[in-house]
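Q: Here it is, the structure in full.
Nothing in this text is a laboratory measurement; each read-out follows from the coordinates by a stated rule. What you are looking at is a predicted structure, and each value in this text was computed from that prediction instead of being measured. Using ideal geometry, Cβ is built from the backbone for each residue, glycine included, and neighbour counts are taken over all protein chains shown.
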Amino acid sequence: MDFVGFLGEVVETRAPDEEIHVILDNLSTHKTKLVEAFLQEHPNVTLHFTPTYSSWLNQVELWFSKVQRDVLSHGIFTSTADLARKLRRYIDAYSKRARPFRWKYANPAQRITHGELSSATGH
């Protein structure tokens, strides 16, 4: 399915006056004339683009991957309400013990140089 088709399906599932916000990367598929025309016809849809080379979206993808592994893959759910309850319980427990990452690089002598990358990959 093309991107505009996807947006159309999203719009069909929501109330006509409901705001819809979509977070996207900077892929050129998301910025075509067809997309612009769709947005003109659907002023309740707003696209938000991540900064080029941003890494925060990767963190969001990792979070959903973790939820998939920890909750969904082996879960047994008797209803949508049961699924929602179990997801909320997981998120609440995770949030209680979550801590911010403190990224640092303590040993500059072990950094990989551009030359090492080039020779290792053959480029």
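Q: Only Lys, Arg, Asp and Glu count, each charged at its Cβ (+1, +1, -1, -1), so figure out the dipole size of region 1-98 about its Cα centre, rounded to 20 debye.
A: So the dipole magnitude of region 1-98 works out to roughly 720 debye.
Q: Could you calculate the FRET efficiency of residue 70 with residue 99 from 1/(1 + (r/R0)^6), where r is the beta carbon distance between them and R0 is 25 Å, rounded to 0.05?
A: Rounded to the nearest 0.05, the efficiency is 0.90.
Q: Each residue of region 2-9 in turn: what ³J(HN,Hα) in whole Hz from Karplus with 6.51, -1.76, 1.60 and θ = phi - 60°, glycine and Pro shown as x?
A: Working through the residues one at a time gives 7, 5, 5, x, 4, 4, x, 5 Hz.
Q: Right, next: Report ³J(HN,Hα) in whole Hz for each residue of region 23-38, in order, from the Karplus equation J = 6.51 cos²θ - 1.76 cosθ + 1.60 where θ = phi - 60°; Gly and Pro get x.
A: Values, residue by residue: 9, 9, 7, 8, 4, 4, 4, 7, 10, 7, 4, 5, 5, 4, 5, 4 Hz.
Q: Let me ask another. Report the net charge of residues surrounding residue 79, where surrounding means a beta-carbon distance below 12 angstrom and charges are Lys +1, Arg +1, Asp -1, Glu -1.
A: Here the count lands on +1.
Q: With each label point set 7 Å from Cα along the Cα-Cβ vector, what nm distance links residue 4 and residue 62?
A: 3.7
Q: Near the amide H of residue 49, under 5 Å away, which other amide H atoms are found, from residues 5 or more places off or on another chain, if H is placed in the peptide plane?
A: 24
Q: Can you work out the Karplus-derived ³J(HN,Hα) for every residue in region 79-90? Use 6.51 cos²θ - 1.76 cosθ + 1.60 with θ = phi - 60°, whole Hz, and x for glycine or proline.
A: Using θ = phi - 60°, the values come out as 6, 5, 5, 5, 4, 4, 4, 5, 5, 4, 4, 5 Hz.
Q: For residue 20, enumerate residues with amide H under 5 Å from its amide H, sequence gap 5+ or separate chain, H modeled in the peptide plane.
A: Amide H to amide H, under 5 Å and 5 or more residues apart or across chains, residue 20 pairs with 45, 46.
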